[in-house]
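Inspection log for the structure reproduced underneath, given as structure tokens.
Where a number appears in this text, it was derived from the coordinates with a stated rule and is not lab data. All values reported here derive from a predicted model rather than from experimental measurement. Counting neighbours? That spans all protein chains shown, and the Cβs are built from the backbone with ideal geometry, glycine included.
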Amino acid sequence: MIHKYFTPVLIALLCMYGGKISAKEISVQSPDGKLKVNIELKDKIYYSVYSGSDLLLSNCSLTMTLDNEVLGKQPKLKSLKRSKIEESVKREIPLKNAIVENHCNTLRMNMAGNYAIEFRIFDNGIAYRFLTDKKGEIEVKGEDFRINFPADYLAHMSQPNSFKTSYEYPYTHIQTKEYKSTDRMSYLPILLETDKQYKILISEADLQDYPCMFLKRTGDNGMQSLFPKCPLEFGEDGDRSLKILKEANYIAKTSGKRNFPWRLFVISDDDRDIVSNEMVYNLSSPCELEDYSWIKPGQVSWEWWHDARLYGVDFRSGYNMDSYKYYIDFASTFGIPYIIMDEGWAKSTRDPYTPNPDVDLHELIRYGKEKNVGIVLWLTWLTVEKNFDLFKTFNEWGIKGVKIDFMDRSDQWMVNYYERVAQEAARHHLFVDFHGSFKPAGLEYKYPNVLSYEGVRGMEQMGGCKPENSIYLPFMRNAVGPMDYTPGAMISMQPNIYRSERPNSASIGTRAYQMSLFVIFESGLQMLADNPTLYYRNEDCTRFITQVPVTWDETVVLEAKVGEYVIVAKRKGEKWFIGGMTNDKENEREFEINLDFLKDGRTYRVTSFEDGINAGYQAMDYRMKSAAMNKNQKLSVKMARNGGFAAVLE
């Protein structure tokens, strides 16, 4: 793996062996010596994972079936190569830390048959991948990722009805011994809670020219992989989809000389480490762009969630000129760099070049430029595919980015579509926000103009978006990459009294909870989903939200418990932000937060937004407080049920 390094150090310690090697010799440990992988070569390649003396994954196996052979079956080892990576990498779009540490021990097993298996062992997890060195193209019929659990684990999963999915299912929570082979599969990531305090987050990285992996129950206490087949023929299915009429008998047709996606496990007995991990970044291909200085992450005002129904104005609101100029004025007032023009801006969803009769797009682009506000346009993926020259045209018009929607697939063809879009958009200096999408798996690092993905049960789901589900996101979906959750509701309710629909959209959870999401959730394009009318009427909250950055110099996870609460501190320059969120299992949670991450000898002004005394029932109740504090003091954080906490220290 090659990155543009910041003060790099790469140490290679190579050990080459010839001839037959005893399987008992093959093991590799993490740099701190805590995690260990033991590998055995029998009828297949088996591996077990330990933390200290604790067995976490037992006799897991890996194979890849090609058109005329099975890699990993009756394996014959030709040589071993051990190495050590120590890098400090300057991240292009730093959603968590400006500098990412990449320290691991590696083991490459070169096998007879022109393929290899590479393991990387970090202090906070492990990963492996296949590598092939074969002539021409190969057909991959299947890949068997099979893991076994030595005890009954609790699995947090998302279980769609089929491979056609937008990755927006709520989490299900199943004991692995109760998970039946006839039950629905799950897409990634999956989070396991072991019987010994450890958590194991499973996902993939460096996904290129290959389908996304899904998991289902094996016949025993374990899981195995499934993949969508490669589509060959398509038929019409409306304005935003295609029917798959014919599939291949393979999951991928690809180059015989390549690296395959990493299969990764983030492992820790401290839940904070799951939130803070950057393993997908460390395992993914480096940035392809020589110049990415034109990519400007930021917040964006979004009209769809409340159906563009402004009120308290002297014009008829909707998807028209007066309304869009109002959104631009609002964004300019609060320093928001973008507005999105979602479905409704164009005369037809099939035509990306003709706005609806009530919209003069070029005038809006001109007006936005005058106000330092850029415009992002929504499109269906099918319209993009049929009009791939639109990137060039949009750049010429002055559009800043595109929001592409309704892919709802993750087969090889669609994975390649994402990369074609990212590449062509970058060529014309446009950023991309994928909606109706699968989870991030490395493309956003290869092409950092990919600022975010949906692939989450976010606020579009209205009453289906609950804190009891969203509290898992920092430990699962957002732990593998940027996430367009679309926060920012100004009407807050507790779930037992929730009633809402557009245009009077509302969220479940308290006001302080909503504000905390801007600090906690990571996205290169962070939406303000609610009505500018409400943002103006709640100016104290809006002033706070719009000063929260979307890129960060440093992230510290202060408190975390999977499925219950998380509190993070993030720094941008000299300013720190703190965000906390919790579920509904307790009426109130209280924490005393150590501020030792602050600078010595400095007093900070702390402005906080906290759940009010009645927030457990009336979720709109919040309190804004101000105090002077230094690193030797403790910050008291109280959160109501489905509540939150947000603060800035400056």
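What is the angle, in °, between the Cα long axis of helix 361-370 and the longest principal axis of the Cα atoms in the chain? Nearest 10 is fine, range 0 to 90. Here the helix axis deviates by roughly 80 degrees. Here residue 257 and residue 70 are evaluated by their C-beta separation; at R0 = 22 Å the FRET efficiency comes out at 0.70.
Averaging the Cα positions of each part gives two centres, and for the stretch 236-308 and the stretch 172-222 these lie 18 Å apart. Scanning residues 5 or more positions from residue 177 or on other chains, those with amide H under 5 Å from its amide H are 153, with H placed 1.01 Å from N in the peptide plane. Note on residue 325: lysines with a C-alpha under 16 Å away, same-chain residues under 8 apart excluded, are 369, 371. On a 0 to 90 degree scale, rounded to 10, what angle separates helix 412-427 from the longest Cα axis of the chain? Result, in degrees: 50. Against the chain, whose longest principal axis is taken from its Cα atoms, helix 321-333 shows a tilt of about 80°.
First measure r as the distance between the Cβ atoms of residue 501 and residue 234, then evaluate 1/(1 + (r/R0)^6) with R0 = 51 Å and state the FRET efficiency to the nearest 0.05.
Numbers: r = 34 Å, r/R0 = 0.67.
FRET efficiency, residue 501 to residue 234: 0.90.
In this structure the amide hydrogen of residue 466, modeled in the peptide plane, comes within under 5 Å of no amide hydrogen from residues 5 or more places off or on another chain. For the pair the stretch 541-565 / the stretch 96-169, the C-alpha centres are spaced 29 Å from each other.
In this Cβ point-charge picture (+1 for Lys and Arg, -1 for Asp and Glu), the stretch 264-342 has a dipole of about 460 debye about its Cα centre. Across the chain, C-alpha contacts under 8 Å between residues 6 or more apart give a mean separation that, scaled by the residue count, equals a relative contact order of 11 percent. The protection proxy used here, the mean number of other Cβ atoms lying within 10 Å of each residue, ranks peptides 237-250, 608-621, 433-446 as follows, highest first: 433-446, 608-621, 237-250.
Could you work out how much longer the chain between residue 363 and residue 246 gets when fully extended? Use 0.36 nm per residue separation minus the Cα distance between them, nm to one decimal. Each step should come with its number before you reach the end.
Details: separation 117, 0.36 × 117 = 42.12 nm, distance 4.51 nm.
The span from residue 363 to residue 246 would gain 37.6 nm if fully extended.
Taking a ≥ b ≥ c as the square roots of the eigenvalues of the alpha carbon gyration tensor, the stretch 528-629 is oblate, as a/c is not under 1.5 and a/b does not beat b/c.
Given a Förster distance of 45 Å, report the FRET efficiency between residue 389 and residue 553 from their Cβ-Cβ distance, rounded to the nearest 0.05. Let's see the in-between values first.
Values: r = 39 Å, r/R0 = 0.86.
Calculated transfer efficiency: 0.70.
Inter-label distance, residue 585 to residue 626: 3.8 nm, where each label sits 7 Å from its Cα along the C-beta direction. Among [x] 54, 27, 23; [y] 36, 35, 29; [z] 40, 30, 23, only one was calculated for this model; which label is it, if the read-out is semi-axes √(5λ) of the Cα gyration tensor in Å? Answer by label: [z].
Mind scanning 466/634; 34/196; 44/243; 96/446 and naming the pairs with a C-alpha gap bigger than 26 Å?
Going by Cα-Cα distance, 466/634; 44/243 fall outside the 26 Å limit.
In the chain, helices alone account for a calculated mean residue ellipticity at 222 nm of -4000 deg cm²/dmol, with every DSSP H run of four or more residues adding -39,500 (n - 2.57). From the Cα gyration tensor of the stretch 158-198, with a ≥ b ≥ c the square roots of its eigenvalues, which class applies: rounded if a/c is under 1.5, or else prolate if a/b is larger than b/c, or else oblate? It comes out oblate by the Cα gyration axes.
Would the stretch 186-246 count as rounded, prolate or oblate if I go by the C-alpha gyration tensor, calling it rounded below 1.5 in a/c and otherwise prolate when a/b exceeds b/c, oblate otherwise? Provide the component values of the computation, followed by the final result.
Working: a/c = 2.90, a/b = 2.45, b/c = 1.18.
Judged from the Cα gyration tensor, the stretch 186-246 comes out prolate (a/c at least 1.5, a/b above b/c).
Taking label positions 7 Å along the Cα-Cβ direction at both residue 183 and residue 350, the computed distance is 4.4 nm, reported to one decimal.
In nm, what is the difference between 0.36 nm times the number of residues separating residue 536 and residue 636 and their Cα-Cα distance? Mind dumping the intermediate values first?
Numbers: separation 100, 0.36 × 100 = 36.00 nm, distance 2.93 nm.
Here the segment from residue 536 to residue 636 would lengthen by 33.1 nm.
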